[in-house]
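Here's the structure, in structure tokens; my notes come after.
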């Protein structure tokens, strides 16, 4: 699935959640097109016509274009007569019968990636609760896109030519180990099972072949040991994995027991010999 398609899925889910949490009858949205200062409305929820479908909204024009240009939420109580916006899109808006509209940009690393709209079919103010829910929905999309961007960067870093350094030697191999730990930490945050599978497969590419019948660890035990192998303290591992330090200690003790190790260092060495860690 392409990055644009993945982002569209996130937009679609956010629109459904927005309508459910606010009771707004209509929600729609789209993504900024690559290389163009405009968004394309691609996701519709609660609409009764196709008037807004595939509408291209230029940055600065209309309500959504204003939200893109300013990179902040905007709203109008009666779209067709509002003096706060330009009116290039009055015809499709009127065809859909919406009047009170809000637009919230999806901003990732200071770049607007898309816009979420919510609308009423009557001219009445959209309160702070509704605007807050729309902003929260946009933040959910932003977080999901950040995680996916990080995942793709790590995947790309994990797919270069094989490192020509013997395992356990040199700074290059330490970078491989850090990438392995970062990939495993990121995987549980990925909702898309396909992308999560790619991440875990990439982790496997960074380890040496595993001997048959060797020791095995639970996913979280391996996550913890990956960061320990990279030199992280229990507190740092907890922060990276979103766990409590006591929980990290529990996973580490369990991994040490399975590997027949008495210290953290022995556990890391045993895991590498078993082909569990790079």
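Observations, loosely collected:
- Among the residues of the stretch 235-264, just one is in a helix (DSSP H, G or I), surrounded by fewer than 15 Cβ atoms within 10 Å (Cβ to Cβ) and over 33 Å from the mean Cα position of the chain (by Cα), namely 257.
- Checked against the criterion of being without any contact (Cβ under 8 Å) to a residue 24 or more places away in the chain and over 17 Å from residue 144 (Cβ atoms), the stretch 6-19 has no qualifying residue.
Laboratory data are not the source of any read-out in this text; all were calculated from the coordinates shown. Source: prediction; values computed, not measured. Here the Cβ is made from the backbone with ideal geometry for all residues, glycine too, and neighbour counts use every protein chain on show.
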